[in-house]
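For reference, the structure discussed in these notes is given below.
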Amino acid sequence: MSVHSAHGGADTATGPYRPVFTGETRTRLEELFARYPTKQACLLPALWMVQEERGWISEPAIGEVAEVLELTPAYVKGVVTFYTMYHTHPVGRHFIQVCTTTPCNICGAEEVVRSILAATGCGELGATSPDGRFTVMEVECLGACGFATAILVNDDFIESVTPDKVPGILARYP
Amino acid sequence: MGYPHPSDPKETVVLSKYFGDPEARTYDGWVKRGGYEALRKALGMTREAIVEEVKASGLRGRGGAGFPTGLKWSFMPKDVVKPHYLVCNADESEPGTFKDREIMRWTPHALIEGCAIAAHAIGAERCYIYIRGEFTEPWKVMSAAVREAYAHGALGANAFGSGRRIDIVLHRGAGAYICGEETAMLNSIEGKRGNPRIKPPFPAVAGVFGMPTTVNNVETLAAVPHIINRGAAWYKSLCLGNAKSTGTKLISICGHIQRPGNYEVTMGTPMKEILYDMAGGPPAGRTIKAVIPGGSSVPIMTREEAEAALFDYEGIIEQGSMLGSAGMIVMDDTTDMVYQIWRLARFYAHESCAQCTQCREGTAWTTRVLARILAGQGKQEDYQLLLDLAENMTGKTICVLSDSCAAPVVSGIRKFKDEFEAYIAGAREPALAAV
């Protein structure tokens, strides 16, 4: 499994569902089976594959994952919703997570959030900008506390962010 | 070398020696620096001999609990009648802690080597390294290093020609602090929600997939090759304080401090030296008000307590807190303690897996009561309410997440009561909107 961009893919919420686990992705899934004694254990990696390909995890995708791993859709949904990194609805082309937990917080993370919300046009946390470019979320501790404020843009870890750096950072994500 | 700043002369550089050195990330670069000698040596040793060596070194778990590593390994069944597993906890999420990510980013082969030695010592053929989902760069570096280790025969069906099979599988988390709790991690690897399990059975009896399992932290495992190479006596000699705390410890320092980052010190180093000499003290013109020394889950120390402590497991307990993960959060005199304690409570409320009532309700209610105080609607009874909640959240649940939420609240009320009082008495502008 690779960490390609797991965000901002272009899955459609309408139209017929296109299965994820075909061709090369199916092969990658089957390679995973050898690394775990149960198919169930491949659930987190399989969900990552769905998100890498489609940008989010839709109801039909939950059904497909359940089928390939011999689980029930209800079970898979229970797992998907436990973990905060799986998107259960489409997000913007670029997904921004800003750490606001204590170490970043005391170094000014809330000002970084405000400037990112303003500069992206998202307005509020969790909302996608009208142009579909950005979705911004607060995230709990990213584990880079010495380099506050830490943010993740898609899979890019960016450290020591201050409000004045925000426009330059956002410009790198058209 | 040091990262992000050069090593301080007062540091004892063992694990962090090659932080910032990109060549150390590659297999050849690692071998050139003496890498994989320890694994070759360990593969020629018996399981028991390795366990005894690690026991004699005094190495204790670096994830937070401080349990003796060799003793933990010795709990694994002597005969391998069903598969044994090693799980490496790389789900570093404890606020204030960012040491394991540097081990994985700069010295991935140190971790692979440590995992392989530990796997051999506990009779496991497979090791899962559980890396938190947000650690995208460590994931890439570790993936490349594991591939290289296989290509050079360090891992696989016949590790370095020893006849021993050692496989390492990287498992990516997906955003859940609680998966850093060892039994929650086992469930997460099995493809389940990350709910902690009731113990017993302990992992050494029934761990991942119901099989005998040992769970060790990244830093713990990265220390093992050094112990095998240089011997238990050398490791044990790295001790400036209590004889029960040996070796070096990586400390992450963040918050209001001049030179944040990781520092590696001999156990027992005075905390004052770490805070002021190595990390440069607070920003100019300010003074330290409080230090959370071991990640956000441990009691808050006042400046006086922090300056008096020796940095080891016992030394910090003596000053009323715990070493934990050694993620040190420094707060200066500009910090609103009530606001930051509320922010911590909010963290735990967000991360509660919600299976135990005391935690699910307690973390949420604690957050709400603190928010009420910050909104200028606090009452005198709220102190007792918060302390009652904390008491019901301590020692009553499956794991210690709710205890961790209670720790900063109780120590905060005890040590910084005047700041709570200012909000409750209306002497301070509300920091949050009324609820």
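The values are calculated or read from the model by the stated rules, or taken from the named source; none is laboratory data. The structure presented is a predicted model; accordingly, all values stated were derived computationally and were not measured. FYI the Cβ positions are ideal-geometry reconstructions off the backbone, even for glycines, and counts take in every protein chain you see. With ligands, DNA and RNA removed, areas are computed over all heavy atoms of the protein, side chains included. Shrake-Rupley method; radii C 1.70, N 1.55, O 1.52, S 1.80 Å.
Computed from the mean reciprocal separation of all distinct C-alpha pairs, what Kirkwood hydrodynamic radius does the stretch B:104-216 have, in Å?
14.7
Show log10 I(q)/I(0) for the stretch B:1-90 at q = 0.20, 0.22, 0.24 Å⁻¹, two decimals, from a solvent-free Debye sum over equal Cα scatterers.
With no solvent term, the Cα-only Debye profile gives -1.22, -1.26, -1.26.
Using only the alpha-carbon atoms of the stretch B:328-435, report the extent along each of the three principal axes, biggest first, to the nearest angstrom.
40, 30, 22
Per the 1.4 Å probe, what fraction of the accessible area of the stretch A:51-174, in percent, lies on carbon and sulfur atoms?
Values: 2510 of 4540 Å².
Roughly 55 percent of what the probe reaches on the stretch A:51-174 is carbon or sulfur.
Comparing the chain by itself with all protein chains present, which residues of the stretch B:121-139 are at least 30 Å² less accessible (probe 1.4 Å)?
So the qualifying set is B:R126, B:R132, B:E134, B:T136, B:W139.
Take the Cα radius of gyration of the stretch B:72-150 and divide it by 2.2 N^0.38 Å, with N its residue count; two decimals is plenty. Don't skip to the answer; put the middle values down first.
Working: Rg = 13.6 Å, N = 79, 2.2 N^0.38 = 11.6 Å.
Compared with the compact-globule rule of thumb, the stretch B:72-150 sits at 1.18.
Per residue in the stretch B:226-262, which ones lose no less than 20 Å² of accessible surface when going from chain alone to all protein chains (1.4 Å probe)?
B:C254, B:G255, B:H256, B:P260
Using the crude model of +1 on Lys and Arg Cβ and -1 on Asp and Glu Cβ, and no other charge, please compute the dipole size for the protein assembly as shown relative to its Cα centre, in debye to 20.
With Lys and Arg at +1 and Asp and Glu at -1, about 1140 debye.
Using only alpha-carbon positions, what ratio does the radius of gyration of the stretch A:20-174 give when scaled by 2.2 N^0.38 Å?
Normalised Rg, Cα atoms only: 1.18.
What translational D, rounded to a whole number of µm²/s, comes out for the protein assembly as shown from Stokes-Einstein when the hydrodynamic radius is the Kirkwood one over Cα pairs, at 10 °C and 1.306 mPa s?
Working: Rh = 24.8 Å.
Estimated via Stokes-Einstein, D reaches 64 µm²/s.
In peptide B:167-176, how many Cβ atoms from other protein chains are near each Cβ within 10 Å, on average? If you can, show how the numbers build up before the last one.
Values: counts 2, 1, 6, 3, 6, 8, 3, 14, 8, 5.
That works out to 6 on average.
Please compute, for peptide B:89-96, the average count of beta-carbon atoms on other protein chains lying within 10 Å of each residue's beta-carbon.
Details: counts 0, 0, 1, 3, 5, 3, 11, 7.
Partner-chain Cβ atoms within 10 Å, mean over residues of B:89-96: 4.
Share of chain B's accessible area from carbon and sulfur, percent, 1.4 Å?
55
Suppose we keep just the alpha-carbon trace of the stretch B:282-373; what are its Rg and Dmax in angstrom?
Cα-based Rg and Dmax for the stretch B:282-373 come out at 14.7, 46 Å.
Checking the table A:K39/B:K199; B:K199/B:K272; B:K192/B:K396 against a 30 Å threshold on Cα-Cα, which pairs fail?
B:K199/B:K272
Between 0 and 90 degrees, rounded to the nearest ten: what's the tilt of helix B:136-151 against the longest Cα principal axis of chain B?
Taking the Cα atoms of chain B, the angle to B:136-151 is about 10 degrees.
Residue by residue, what Karplus-based ³J(HN,Hα) values in Hz, rounded to whole numbers, does the stretch B:35-42 have, using 6.51, -1.76 and 1.60 with θ = phi - 60° and x for Gly and Pro?
x, 6, 5, 5, 5, 4, 5, 5
What is the Å³ per residue value for the convex hull set by the Cα atoms of chain B? Write down the numbers at each step before the final one.
Working: hull volume 56.6 nm³, N = 435.
Once divided by residue count, the hull of chain B is 130 Å³.
Give me the angle, in degrees from 0 to 90, between the Cα long axis of helix B:381-393 and the longest principal axis of the Cα atoms of chain B, rounded to the nearest 10.
Between the helix axis and the principal axis of chain B, the angle is about 20 degrees.
Rounded to the nearest 20 Debye, what is the dipole magnitude of the stretch B:168-290 about its Cα centre when Lys and Arg each give +1 and Asp and Glu each give -1 at the C-beta?
Charge dipole of the stretch B:168-290: 180 debye, to the nearest 20.
Normalized C-alpha radius of gyration of the stretch B:205-346, against 2.2 N^0.38 Å? Walk me through the intermediate numbers first.
Numbers: Rg = 16.9 Å, N = 142, 2.2 N^0.38 = 14.5 Å.
Cα Rg divided by the expected 2.2 N^0.38 Å: 1.17.
From the convex hull of the Cα coordinates of the stretch A:33-73, what is the mean projected area in square nanometres?
Reported value for the Cα convex hull: 2.7 nm².
Put +1 on the Cβ of each Lys and Arg and -1 on the Cβ of each Asp and Glu in the stretch B:367-416; which of B:V410, B:A375, B:L385 then has its Cα farthest toward the positive end of the dipole?
So the residue we want is B:A375.
How much accessible area per residue does the protein assembly as shown have, in Å², with a 1.4 Å probe?
Computed with neighbouring chains in place, this is 36 Å² per residue.
What is the interface area between chains B and A, defined as buried accessible area summed over both chains with a 1.4 Å probe, reported in Å² to the nearest 100?
4100
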